[in-house]
Amino acid sequence: MNRKQDTNETSADGPGISGGTNSLEILGWDSSFFGYKVGKTTAKGISPATVNKIIEQARNKEVRLLYLFTDGDDKISQDSTGAVAGKLVDKKLTFNLKIGDADFDTDDHIEPFIANYPSEKLILLAIQSGLYSRYKSDTNFKNNEFEKLYTAWIVNSVKKKIADYVFVYKEDGVELGFVTLKLNDTYGQIGLIAVDESVRGRSIGKKLIFTVASLLKKRGIGSLQVPTQKDNTGACQFYRSIGFEEIKTENIYHIWL
């Protein structure tokens, strides 16, 4: 799957995303990774004046890139951000699958990835999964940040820093797909999921999802969530076709300073 991943379904954010409402937060992981200060604001009913105040604070703190997140229904914040030249780089959708009492078919080709570093093929699949990533679509990134970010994402996933499980689909020893899973108290979350473009259309993505869902069912965890991009229509259609429902929308802006 090509994202985010039978159609490129991968997560919209990289490692290290968090933030407060209508205030500036400096993101340590992102700043270290990119080599310049990165900030984040989660906006709610924000005014242009407040956006400009946050931008001024960011400049004073030598922030180079500011992420601004708004709820998909928060037109006030969206208009305010657009008024100060914020670039809309992602319409992020979060899908949820209720586990319930359903039976989920698994597949003998799927197994846990147990090495402490990803193979070259797994890294390539992770990069494939980010076709619709904001780090790829934003042309202000000029130093292969997108490829480096998705490489770091899968590396940190197999090292269990940001994921609890990585499952791979193999045929004749060749990795053709994978999914990462982070466990929370009441739900599991897919970080990355990808299927090699040469074998799409064979339900490998569905088998990976159902493997994860089966694990959650055994653990008594009631739902599975996955974020993707609205522009990734293939991924959205795929998730809906296997029972996921949209539960959240966010607009993500980049403001370069």
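The values are calculated or read from the model by the stated rules, or taken from the named source; none is laboratory data. Nothing here was measured: the structure is a model prediction, and the numbers come from that model. Don't worry about glycine lacking a Cβ; one is built from the backbone with ideal geometry, like all the others, and counts go over all protein chains shown.
Filter segment 71-100 for residues that are aliphatic (A, V, I, L, M) and either touching a Phe, Trp or Tyr at 6+ places or on another chain (Cβ under 6 Å) or not in a strand (DSSP E or B) (or both); which is surrounded by the fewest Cβ atoms within 10 Å (Cβ to Cβ)?
Pass one, segment 71-100, residues aliphatic (A, V, I, L, M): 76, 83-85, 88-89, 93, 97, 99.
Those still in the list that are either touching a Phe, Trp or Tyr at 6+ places or on another chain (Cβ under 6 Å) or not in a strand (DSSP E or B) (or both) too: 76, 83-85, 88, 97, 99.
Working: ILE76: 16, ALA83: 12, VAL84: 15, ALA85: 10, LEU88: 15, LEU97: 25, ILE99: 22.
Among those that are aliphatic (A, V, I, L, M) and either touching a Phe, Trp or Tyr at 6+ places or on another chain (Cβ under 6 Å) or not in a strand (DSSP E or B) (or both), it is ALA85.
Take the conditions more than 20 Å from ASN232 (Cβ to Cβ), in contact with a helix residue (DSSP H, G or I) (Cβ under 8 Å, 6 or more places away or on another chain) and not β-branched (Val, Ile, Thr) and apply them to TYR150. Does it pass? It is false that TYR150 is more than 20 Å from ASN232 (Cβ to Cβ), in contact with a helix residue (DSSP H, G or I) (Cβ under 8 Å, 6 or more places away or on another chain) and not β-branched (Val, Ile, Thr). Filtered by the rule that a residue be buried (at least 24 other Cβ atoms within 10 Å of the Cβ) and of a type in the set (A, V, I, L, M), segment 132-154 gives a lone residue, ILE154.
Step by step: first the residues of segment 101-113, then only those that are surrounded by fewer than 17 Cβ atoms within 10 Å (Cβ to Cβ) and at pLDDT 95 or above, then the one that is farthest from THR151 (Cα to Cα). Which residue is that? Steps first, answer last, please.
Here is the first cut: in segment 101-113, the residues surrounded by fewer than 17 Cβ atoms within 10 Å (Cβ to Cβ) are 101-103, 105-109, 111-112.
So of that shortlist, the ones also at pLDDT 95 or above come out as 109, 111-112.
Numbers: HIS109: 24, GLU111: 21, PRO112: 19 Å.
Checking each candidate, the answer is HIS109.
It is to be established whether one or more residues within segment 197-212 are touching a Lys or Arg at 6+ places or on another chain (Cβ under 6 Å) and over 13 Å from PHE113 (Cα atoms). Please lay out each step first, then the result.
Step one: list which residues in segment 197-212 are touching a Lys or Arg at 6+ places or on another chain (Cβ under 6 Å), which gives none.
Scanning segment 197-212, I find no residue that is touching a Lys or Arg at 6+ places or on another chain (Cβ under 6 Å) and over 13 Å from PHE113 (Cα atoms), so the answer is no.
For ASN116, the criteria (1) surrounded by 14 or more Cβ atoms within 10 Å (Cβ to Cβ); (2) in contact with a Lys or Arg (Cβ under 7 Å, 6 or more places away or on another chain); (3) assigned to a loop (DSSP other than H, G, I, E, B) hold in every case but one, which is (1). So in segment 180-207, with the set limited to residues that are within 17 Å of LYS121 (Cα to Cα) and of a type in the set (A, V, I, L, M, F, W, C), which one is modelled with the lowest pLDDT? The qualifying residue modelled with the lowest pLDDT is VAL199. Every condition in (1) under 26 Å from SER129 (Cβ atoms); (2) at pLDDT 95 or above; (3) in contact with a helix residue (DSSP H, G or I) (Cβ under 8 Å, 6 or more places away or on another chain) holds for GLY14 except the one numbered (2). Quickly run through segment 216-234 and pick out the residues that are assigned to a helix (DSSP H, G or I) and among the β-branched types (Val, Ile, Thr). Within segment 216-234, THR233 is the sole residue that qualifies.
The set of residues in segment 122-143 that are over 24 Å from LEU224 (Cα atoms) and at pLDDT below 95 comprises LYS142, ASN143.
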